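The values are calculated or read from the model by the stated rules, or taken from the named source; none is laboratory data. Just so you know, these numbers come straight off a predicted model, no measurement behind them. Here the Cβ positions follow ideal geometry from the backbone for every residue, glycine too, while neighbour counts run over all protein chains shown. Side chains included, ligands, DNA and RNA excluded: accessible areas come from the protein's heavy atoms. Shrake-Rupley method; radii C 1.70, N 1.55, O 1.52, S 1.80 Å.
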Amino acid sequence: MSLVVYQNYVHGQSLSNDTGETFEVINPATGEVSYLVEVADEKIQQAAIESAKTGFAIWSKMTPMERSRILLKAVTILRERNDELAVIEVQDTGKPWQEASEVDVVTGADSIEFFAGLAPSIEGNQQQVGDDFYYTRREPLGICAGIGAWNYPLQIACWKSAPALACGNVMIFKPSEETPRGALNLAEVFTQAGAPDGVFNVVQGDGRVGAWLTTHEDIAKVSFTGEVGTGKKVMAAAAGSLKQVTMELGGKSPLIIFNDADVDNAVSAAMLGNFYTQGEVCTNGTRVFVQQDIYPSFIEKLLERTQKNIVCGDPMDPATNFGALISKDHQAKVLEYIEIGKEEGAHLLTGGQALRPENAPNGFFVAPTIFTQCTDEMTLSKEEIFGPVMSVLTFTDEDEVIRRANDTRLGLAAGVFTQDITRAHRVIHQLEAGICWINAYGASPAEMPVGGYKMSGIGRENGSETLKAYTQIKAVYVGMQPLESPF
Ligand code: TXE
């Protein structure tokens, strides 16, 4: 049976490339090729830029209310198509249906809804300076590029396009080559909602197409989600044309459990922060610091719930809550980290092996894995693994754990569990991280700005703060008197 071939999305429709070059997309739960996708070649790239210019000329002249109405129509369509779109996220990512049907489309739509609501509130200001005065206008940047990672394909496309389009910009978006379809679906939804052609174009391909987006002169800004190493390349390339950048990068975030924490809650956080989306979440709390006295009960409950409550298998089975890793290569990378952990002396408490569930025998699965007796110097404690591998460390006092938690060039997220409210805030205020939770972990509502400190990122997504990244301020000075001049 011949495979379906998906294309690039330019000017409100699919557009075929000239070279005929395609790449395969694998379903991580079956190991089989799902479909092919045409690469954005020279023709597509040029067409995408011309289309974006045409779209911008119309979209940026619409009123914020008109843009808001179209974005809200897109939200309605996304929510109506929730389940159909969630299935595609499962097939592309290997994540459980349980998650995709509840989180991926919902949180993408939430972000578009949030920024659609803010669009009409964008305003400048005016001040008198004697008889003269000045006023400011917040104007769009123009063409923005979005480059997505593969763990939340549709959500990332929504989170990047929402503020950009709300402010009157247009976007050319490149999804990860591992998960191309979510962005194509979003493009169709924007068109169905009434967005003018060229407002949201989708170009397909790997880092080469991504690199093109970061260097093209007509692109004003790049919003990137991915690894730190790639983020550095993106930022360096963007410097050539002084593009603005938003960087949503990786992390190796601390989750700190104090002696007085509610142990069941703390175990929930550790499992959510390491096994949800089979560990492929950038904000994961993969360094779990447990204070000495609570350690025995914490470990006992953690092991019991990990061995009893995790259902690994066919991600489309509603009972599955733990899916396949994105690719065979990624599965091998995670297994390699597990071997390194053993060699460096960490104690493997549970997991550590590839899995072959009966209902998905050919998928790329790795067992939920917990290492204890970890030290700060171990590779497991220093490098982002981006898989279901939890590193448990112990600590004695508050100052020690804060110092150790901050002892990294990364700074994406952090969590603190304690019933002592002053300690919770005192500690979280000292942690060098941009996305923090107290007695919670992972929640990321559209209202909350998210992004990293240090090497984990630049700028924010979601939250009203993010609007500022998608407009530029023009100041206009108005002379009310004859102009004085010494000449
Ligand atoms: O990243 P990659 P992946 C991070 C997560 C992990 C990574 C996993 O922590 O580190 O993303 O995603 C394109 N110029 N986050 O493996 O390999 C590539 O084609 C331009 C953080 O996808 O960096 C893909 O589309 N683009 C995040 C994208 O970059 C290039 C939440 C990412 O690829 C390129 C989710 C180049 N030279 C995941 N090379 C957060 N902080 O919110 C590759 N690409």
What whole-number value in Å² describes the accessible area per residue of the stretch 230-307 for a 1.4 Å probe? 35
Intensity falloff of the stretch 72-198 expressed as log10 I(q)/I(0), Debye formula with alpha-carbon point scatterers, at q = 0.14, 0.15, 0.16, 0.21 Å⁻¹: -0.61, -0.68, -0.75, -1.17
Along the charge dipole of the stretch 168-271, pointing to its positive end and built from +1/-1 on Cβ of Lys, Arg, Asp and Glu, which listed residue (F190, N265, F173) has its Cα farthest out? F173
DSSP-defined beta bridges in the stretch 297-405 - what % are antiparallel, rounded to 5: 55
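Counting only other residues whose beta carbon sits under 14 Å from that of V234, what net charge do I get with K and R as +1, D and E as -1?
Numbers: positive: K160, K174, R208, K221, K232, K233, K243; negative: D206, E227, E248.
For residues surrounding V234, the net value is +4.
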Computed curve, the chain, Cα-only Debye sum without solvent term, log₁₀ I(q)/I(0) at 0.06, 0.10 Å⁻¹, is -0.29, -0.76
Taking only Cα atoms, what is the 0 to 90° angle, nearest 10, from helix 328-343's long axis to the longest principal axis of the chain? 50
Roughly how compact is the stretch 368-483, stated as its Cα Rg over 2.2 N^0.38 Å to two decimals? 1.51
Out of all DSSP beta bridges with both ends in the stretch 111-208, state the antiparallel percent to the nearest 5. 35
Cα-based Rg / Dmax (Å) for the stretch 361-414: 13.6, 47
Where the stretch 412-479 is the region considered: accessible area per residue in Å², 1.4 Å probe: 46
Virtual spin-label span in nm between S2 and D218, 7 Å along Cα→Cβ: 3.3
Charge tally for neighbours of G479 with beta carbon under 11 Å away, counting Lys, Arg as +1 and Asp, Glu as -1, is -3
P(r) of the stretch 307-385 over all Cα-Cα pairs, 10 Å bins starting at 0, rounded to whole percent, reads 18, 46, 29, 7
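Can you list which of the GluC sites (Glu not before Pro) found in the stretch 450-487 are DSSP loop residues with at most 16 other C-beta atoms within 10 Å?
Values: sites: E461, E465, E484; in loops: E484.
When the GluC sites (Glu not before Pro) of the stretch 450-487 are filtered for loop state and at most 16 Cβ neighbours within 10 Å, E484 remain.
Which net charge results when you count Lys and Arg as +1 and Asp and Glu as -1 among the other residues whose beta-carbon is under 11 Å from that of L213? All intermediate terms of the calculation are to be shown ahead of the outcome.
On the way: positive: K174, R208, K221, K243; negative: D218.
Here the count lands on +3.
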Under the Kirkwood approximation applied to all pairs of distinct alpha-carbon atoms, what is the hydrodynamic radius of the stretch 1-138 in Å? 18.7
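Would you work out the charge dipole size for the chain about its Cα centre, treating the Cβ of every Lys and Arg as +1 and the Cβ of every Asp and Glu as -1, and quote it to the nearest 20 debye?
On the way: 38 positive and 62 negative charges, 180 e Å.
About 860 debye.
Percent relative contact order of the stretch 57-113, based on C-alpha pairs within less than 8 angstrom and at least six residues apart?
Values: 34 pairs, mean separation 21.7, N = 57.
RCO, the stretch 57-113: 38 percent.
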Rounded to the nearest Å, what's the spacing between the alpha carbon centres of the stretch 429-458 and the stretch 466-487? Just the number, please. 36
At a probe radius of 1.4 Å, what is the per-residue accessible area of H429, in Å² to the nearest 10? 140
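Sort Y135, Y295, Y35, Y477 from largest to smallest accessible area, using a 1.4 Å probe on the heavy atoms of the protein chains. Can you show the working numbers first?
Numbers: Y135 85, Y295 55, Y35 10, Y477 140 Å².
Sorted descending by solvent-accessible area, the residues read Y477, Y135, Y295, Y35.
What's the carbon and sulfur percent of the chain's accessible surface, probe 1.4 angstrom, rounded to a whole number?
Details: 10360 of 19840 Å².
Of the solvent-accessible surface of the chain, carbon and sulfur hold 52 percent.
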D for the stretch 311-446, whole µm²/s, Stokes-Einstein with Kirkwood Rh over alpha-carbon pairs at 25 °C and 0.890 mPa s: what number? 146
Cut-off 18 Å, label point 7 angstrom out along Cα-to-Cβ of I438: give me the residues of the stretch 261-288 whose amide nitrogen falls inside. 261-263, 265-266, 269
